[in-house]
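Each remark here refers to the structure printed beneath this line.
Rule-based calculations on the coordinates, nothing more; no lab input. All of these numbers come straight from a predicted model, not from anything done at the bench.
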Amino acid sequence: MAETIFSKIIRKEIPAKIVFESDTVLAFHDIHPKAPVHILIIPKIEIPSAREINGREHAQLLGDLFDAANQIAEDFGVRENGFRLIFNCGPDGGQEVYHLHMHLLAGKKLGF
Ligand code: AMP
């Protein structure tokens, strides 16, 4: 599958408001925020969607994504009040960018 704009963000070829980076994970502000805090947390390797995830192969990476989410929630002061983590998957799931990403939404009481 062709690479996405997120690969260019990982390579710092296009700008993003980066809030977290490790060897395996990058996180940055969503360009069209749906909540006061809206961060995208992505693996640095190219995985198109949650459909390509299996526990045996990706357990560590998934742990890294969740560790990043908790760290970011702490940094933004929203860990205690809570937050929402979303993976949109495929056309019916509303996925637009085919590079696996976790949305972290917080900062208000979220409806559905
Ligand atoms: P999804 O619909 O789950 O694929 O979400 C893709 C998200 O990426 C959307 O919320 C977009 O607003 C966001 N997005 C697209 N391009 C960029 C970009 N260059 N920088 C930050 N966020 C982006």
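Remark: the Cα gyration tensor places the chain in the rounded category, a/c being less than 1.5. What angle, in degrees between 0 and 90 and rounded to the nearest 10, separates the Cα long axis of helix 55-75 from the longest principal axis of the Cα atoms of the chain? Tilt relative to the chain: about 30 degrees.
Counting lysine pairs in the chain whose alpha carbons fall under 22 angstrom apart, excluding pairs fewer than 8 residues apart on the same chain, gives 8.
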